[in-house]
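These notes are about the structure you will find just below.
The values are calculated or read from the model by the stated rules, or taken from the named source; none is laboratory data. Small disclaimer: the values here were computed from a predicted structure and weren't measured. Note that each Cβ is placed from the backbone with ideal geometry, even for glycine, and that neighbours are counted across all protein chains shown. Ligands, DNA and RNA are stripped out before the accessible areas are found, and what is left, the full protein with its side chains, is counted by its heavy atoms. Shrake-Rupley method; radii C 1.70, N 1.55, O 1.52, S 1.80 Å.
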Amino acid sequence: MSNLEVQQLTDKHVMNTYARFPMALVRGEGARVWDADGKGYLDFVAGIAVNSLGHCHPAVAKAVSEQVRSLIHVSNLYHIEPQARLAKALCDHSFADRVFFCNSGAEANEAAIKLARRYGSEQAGGRSEVITALNSFHGRTLATLTATGQEKIRLGYDPLPSGFRYVPFNDLDAAEDAVDERTAAILVEPIQGEGGVVVPDESYIRGLRQLCDDKGLLLIFDEVQVGMGRTGRLFGYEHFGVEPDVMTLAKALGGGLPLGAMLAREEVAKSFPPGSHASTFGGNPVVCSAGLAVMKTILEAGLVEHCEAMGAELRQGLEALAQRFGFIREVRGKGLLLGMEMDRECGPMVQECMNEGLLVVLAGANVLRMVPPLTIEKADVDEALEILGRVLERVQGS
């Protein structure tokens, strides 16, 4: 089928919940993808930080292929070896003692919110409220879109669940002022991704940890986008010298397959006894086999360090572009989660880059976000910067 034929079929039968670009991606390898008409692209979207090993990485393809030939799915009523092994790997390399598996970032955050309420209900007086940050993004379920600090995400879904309070991001005083006897937890992204690639002060994250310790609250880090090596550390919280009580993962965890996880310390995890939460497909043998391959490859191939090095190369190039073009306000981010804030909307630039064979994505109306595979090489970075430079030249001349 051609791009047009796939588009027409989609337009006729798929719900219109996405503003899709007029092409159908049909094949991928490494940092490259090709559409149904045969055009190739350098992919600096990577499924929005999902394909951290690139497209169709041999280790993931091999693990999935072998697993589907032996066992595709069983209920969580039984023990599942790949699930148990992945849980051990995640705990061995993080603060956590226990893992709950699900299918997406939204479900992982939903699980974290439920766990916080269960844990809070067991405290003196009972606690249920969760404090989140303005401009955050935590998912599309009713609870997680309510937790999201963006009114446009919540619009049209009233009545929303109660029990959430929003404060400005990177404002410790505001967080302190919002805490009262109802507060159970503070939920934040260590780096806001969808909210514009915003990196907070180290003192803010450290201050949240101290605040939660002082008030007996849970500190929950949403690492759905920043986890699994994306920022030049295996987990984003490592940049700040603190550990959360609960952490959520998804996106890159499954190497392209739908896999989410909620990790917690033992004391907190005890608030989820049998029957308190569940997921039919969570921790499925196939997706956990993929997750094991992702973890092993990231750790053994040195991809965290490679991400830090390539992120420095990309950031240096973006900052050079910012010196050339006055409409670029700021370059920010960590590792290979980088954004360029402009003084104008960036949607047309995304389209122009696509026309030139480079895929990038927005993080808000005026921020170009780049989240390429952690496996990219310097030649890929140079090519992307060259394309972006040509596009920005045209923008400046228009």
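Annotations
- Verdict on GLY339 being part of a helix (DSSP H, G or I), farther than 28 Å from CYS102 by Cα and in contact with a Gly (Cβ under 8 Å, 6 or more places away or on another chain): no
- Complete set of residues in segment 145-169 that are open to solvent by 60 Å² or more (accessible area, probe 1.4 Å) and not small (Gly, Ala, Ser): GLU151, LYS152, LEU155, TYR157, ASP158, PRO159, ARG165, TYR166
- Restricting SER75, SER65, SER2, SER70 to residues that are within 16 Å of ALA293 (Cα to Cα) and hydroxyl-bearing (Ser, Thr, Tyr) narrows the list to SER65.
Yes/no matrix, rows are residues, columns are (1) of a type in the set (A, V, I, L, M, F, W, C); (2) within 18 Å of GLU223 (Cβ to Cβ):
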| position | (1), (2) |
| --- | --- |
| ALA261 | yes, yes |
| GLU266 | no, no |
| SER271 | no, no |
| GLY283 | no, no |
| VAL286 | yes, no |
| LEU292 | yes, no |
| MET295 | yes, yes |
| LEU303 | yes, yes |
| HIS306 | no, no |
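- Test: residue in segment 134-156 that is of a type in the set (A, V, I, L, M, F, W, C), assigned to a loop (DSSP other than H, G, I, E, B), farther than 23 Å from MET370 by Cβ and in contact with a strand residue (DSSP E or B) (Cβ under 9 Å, 6 or more places away or on another chain): no
- Residues within segment 311-328 that are out of contact with any helix residue (DSSP H, G or I) (no Cβ under 7 Å at 6 or more places or on another chain), open to solvent by 50 Å² or more (accessible area, probe 1.4 Å) and not in a loop (DSSP other than H, G, I, E, B), tallied: 7
- Scan segment 329-353 for residues that are in contact (Cβ under 8 Å) with a residue 40 or more places away in the chain and either closer than 26 Å to GLY232 by Cα or crowded, with 20+ Cβ neighbours inside 10 Å (or both) and the total you get is 10.
- Pairs where the first residue, in segment 254-281, is farther than 14 Å from PHE101 by Cα and of a type outside the set (Asp, Glu) and the second is open to solvent by 60 Å² or more (accessible area, probe 1.4 Å) and at pLDDT 95 or above, C-beta under 6 Å, 6+ apart: ARG265/ASP97; SER271/ARG118
- VAL371 passes every criterion in (1) open to solvent by 10 Å² or more (accessible area, probe 1.4 Å); (2) touching a Leu at 6+ places or on another chain (Cβ under 9 Å); (3) within 21 Å of ARG332 (Cβ to Cβ) apart from (1).
Table: residues versus (1) part of a helix (DSSP H, G or I); (2) without any contact (Cβ under 8 Å) to a residue 12 or more places away in the chain; (3) more than 24 Å from the chain's Cα centre (by Cα); (4) within 23 Å of GLU356 (Cα to Cα).
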site: GLU5; (1), (2), (3), (4): yes, no, yes, yes
site: LEU9; (1), (2), (3), (4): yes, yes, yes, no
site: TYR18; (1), (2), (3), (4): no, yes, no, yes
site: GLY28; (1), (2), (3), (4): no, no, no, yes
site: ILE48; (1), (2), (3), (4): yes, no, no, yes
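- Restricting segment 77-129 to residues that are aromatic (Phe, Trp, Tyr) and in a loop (DSSP other than H, G, I, E, B) leaves a set whose member that is surrounded by the fewest Cβ atoms within 10 Å (Cβ to Cβ) is TYR78.
- In segment 45-66, of all residues being of a type in the set (S, T, N, Q) and in contact with a Gly (Cβ under 7 Å, 6 or more places away or on another chain), the one that is most open to solvent (accessible area, probe 1.4 Å) corresponds to ASN51.
- Condition broken by LYS12, with the remaining ones in (1) surrounded by 13 or more Cβ atoms within 10 Å (Cβ to Cβ); (2) of a type in the set (Lys, Arg); (3) out of contact with any Leu (no Cβ under 8 Å at 6 or more places or on another chain) satisfied: (1)
- Test: residue in segment 375-398 that is in a strand (DSSP E or B) and within 26 Å of GLY256 (Cα to Cα): no
- Checklist (1) touching a Gly at 6+ places or on another chain (Cβ under 9 Å); (2) crowded, with 22+ Cβ neighbours inside 10 Å applied to ARG182, failing item: (2)
- Residue satisfying condition, being open to solvent by 70 Å² or more (accessible area, probe 1.4 Å), without any contact (Cβ under 8 Å) to a residue 24 or more places away in the chain and within 19 Å of PRO373 (Cα to Cα), within set ARG32, ARG69: ARG32
- Of all residues in segment 193-222, those that are farther than 26 Å from ASN366 by Cβ have Cβ atoms under 8 Å from Cβ atoms of residues that are open to solvent by 80 Å² or more (accessible area, probe 1.4 Å) and part of a loop (DSSP other than H, G, I, E, B), 6 or more apart or on another chain, in ARG209/GLU243.
- With respect to the conditions (1) assigned to a strand (DSSP E or B); (2) open to solvent by 20 Å² or more (accessible area, probe 1.4 Å); (3) of a type in the set (D, E, K, R); (4) in contact with a Gly (Cβ under 9 Å, 6 or more places away or on another chain), GLU308 lacks only one, and its number is (1).
- If only residues of segment 130-142 that are among the hydrophobic types (A, V, I, L, M, F, W, C), closer than 20 Å to CYS212 by Cα and surrounded by 20 or more Cβ atoms within 10 Å (Cβ to Cβ) are counted, the one that is nearest to the chain's Cα centre (by Cα) is ALA133.
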